[in-house]
Amino acid sequence: MATYTPKNILITGAASFIASHVANRLIRNYLSYKIVFVKGDISSAGLVNYLLVAESIDTIMHFAAQTHVNNLFENNFEFTKNNIHGTHVLLEACKVTGQIRRFIHVSTDEVYGETDEDVIVGNHEASQLLPTNPYSATKAGAEMLVMAYSRSYGLPVITTRGNNVYGPNQFLEKLILKFILLAMRGKTLPIHRDGSNVRSYLHCEDVAETFEVILHKVGCVAGALLPHIRMLMIPGSRHFESEKGKVLSVSNTLRMIVPTSKSFISPLKPSFKFLIYDRTGWIGGILDQLCKKQCIPFEYGRGRLKNRASLMADIQNIKPTHVFNIRVKGVTFNAAGVTSRPNIDWCESHRTKTIRTNVVGTLTLVDVCRQHELLMMNFATGCIFEYNAAHPQGSGIGFKEEGKPNFIGSFYSKTKAMVEELLREYDNICTLKVRMPISSDLNSPRNFITKISCYNKVVNIPNGMTILDELLPMSIEMAKRNLRGIWNFTNPGVVSHNEILEMYKTYIDPNF
């Protein structure tokens, strides 16, 4: 039996009854594991993406869910939000970051529906799902999403369907505890319908031990990913036929047929090779780490942006490509650009050099890419807008992607606005407008937080911001999807320089 050793485990819903027992068991028995759980909303894509990247999560145990059926009568939309939407957000983050080696999805046997009291053999894994209430329906829906991400994107998934659980620290609203407390007080014991429904129970410590085994020793993630597995019931017997025609006998229970070979070939995944122009840049360095985590081959360009022949040589030698059932195309990241030496005022006294890089160089690169049928991901700036009568400060009215630049107060912004207008004529470019780039790396001199903490004065105007830990993984996903056009590449809402400095003082340096 194969053994799996995780490093950094994210446990969703870790404060819940079952998950807390699992977390405590893992913490007690595996001192080298990093167990991650935070107080937050699983429906927050920004939070989930940040956690996966910042904590280098390789394993997820997904317990988070609305579970208590009686709560359905108060607000059953919460079940849809948490159980389906929350799971979808988590799955999408796993797909985007591409670093998850094991995803354990905790479902329930209630997806099978009601069980008759005289039943002899229970439901097997391939039984039809017949949920009978909104809770079990949302859990079944979440399972379908998990299965879809497994088959479409190769996410290594294990789904568990457990019975009812009882034991220490359980919520008082659950059946066994509730009945005990009511009986001790001499009160009646409420039941649903006529009381003929049957339930199975597991003790919480047995369940925790089971998840420990599933985490480390189950080799069953391969079977779910093999295309076209099917099961054929032969009348009068309990045999199943695999796609290869091998018939396996099953004695007491019905089981899913999995491949018998020791090796497993996952479904074909797209193959990429990125060419990055920004060897010494901050964003280029972060892309370097993201590509390595996702095992995406990449090379840095050696050519100078304003030298067309050197760019042609880069593309011909490196051959940046990505293939996914379509014609061969490629992806080129242009994170290069003159922004600050040592700050943005440098551009004012070096206007010709600024034009060469920000205008001529960018246009040359996109034109060479178009000649080679390559998509260029172009990191631009949102520092080309300012508040005006149509967008008053504090109104919440933001600038849209199709909006015309209206700020030319700096030569840098003027060149960036100029080139953005010209790039609209090209159909092989995806422009990502970054604003006030912030990351968790406070050692980088290019981090916006680091920069303004060194200024003598700041302009206290609310602006959009780009949290690179969250959004740069999205840029890779956008490249894989061949997305084009202009995108305001910022997080929701605005923040002012003073607000950032106040947080810097509160969380980083009280003496600032």
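Over 18 Å apart at the Cα level, from the set 353/433; 457/505; 139/178, are 353/433; 139/178. For the set 293/480; 7/319; 95/217, the pairs lying more than 26 angstrom apart at their alpha carbons are 7/319. For residue 164, the amide hydrogen comes within under 5 Å of the amide hydrogens of 200, 202, counting only partners 5 or more places away or on other chains and with H modelled in the peptide plane.
Residues whose amide H falls under 5 Å from that of residue 298, counting only those 5 or more places apart or on a different chain, are 274, with hydrogens built in the peptide plane.
Taking a sphere under 14 Å around the Cβ of residue 27 and counting the other residues whose Cβ falls inside, with K and R at +1 and D and E at -1, yields a net charge of +2. Here's the picture: a label point sits 7 Å out from the Cα of residue 427 along the beta-carbon direction, and within the range 369-405 the residues with their amide nitrogen under 17 Å of it are 369-376.
Sequentially through the range 471-478, phi angles give Karplus couplings (6.51, -1.76, 1.60; θ = phi - 60°) of 9, 4, x, 5, 5, 5, 5, 5 Hz, Gly and Pro residues having no value and appearing as x. Coupling constants for the range 48-64 follow from the phi torsions by the Karplus curve (6.51 cos²θ - 1.76 cosθ + 1.60, θ = phi - 60°), and in residue order they are 5, 4, 4, 4, 4, 6, 5, 9, 6, 5, 10, 9, 10, 10, 9, 9, 4 Hz; glycine and proline get x. Taking packing as the residue-averaged number of other Cβ atoms within 10 angstrom, the listed peptides 84-93, 420-429, 376-385 run from highest to lowest as 376-385, 84-93, 420-429.
Packing here is the average count of other Cβ atoms within 10 Å per residue, and on that basis the peptides 150-159, 176-185, 10-19, 448-457, highest first, run 10-19, 150-159, 448-457, 176-185. Taking a sphere under 13 Å around the Cβ of residue 303 and counting the other residues whose Cβ falls inside, with K and R at +1 and D and E at -1, yields a net charge of +2. For residue 434, list long-range residues whose amide hydrogen, built 1.01 Å from N in the peptide plane, is under 5 Å from its own amide hydrogen. Sorted by chain and number, the residues that satisfy this are 380, 381, 382, 489.
Be a star and scan the range 15-59 for residues whose amide nitrogen sits under 11 Å from the point 7 Å along the Cα-to-Cβ vector of residue 171. Backbone N within reach: 16-18.
Ordered from longest to shortest, the equivalent ellipsoid semi-axes for the range 274-508 are 29, 20, 18 Å, each the square root of 5 times a Cα gyration tensor eigenvalue. Listed values for the range 304-316 are Karplus-derived 3J(HN,Hα) couplings in whole Hz (6.51 cos²θ - 1.76 cosθ + 1.60, θ = phi - 60°), namely 8, 4, 7, 9, 4, 4, 5, 5, 4, 5, 4, 5, 5, and x replaces Gly and Pro.
FYI, it's all coordinate maths here, none of it is from the lab. No experiment lies behind these values; they were computed from the predicted model shown. Cβ coordinates were reconstructed from backbone atoms using ideal geometry, including for glycine residues, and neighbour counts include every protein chain displayed.
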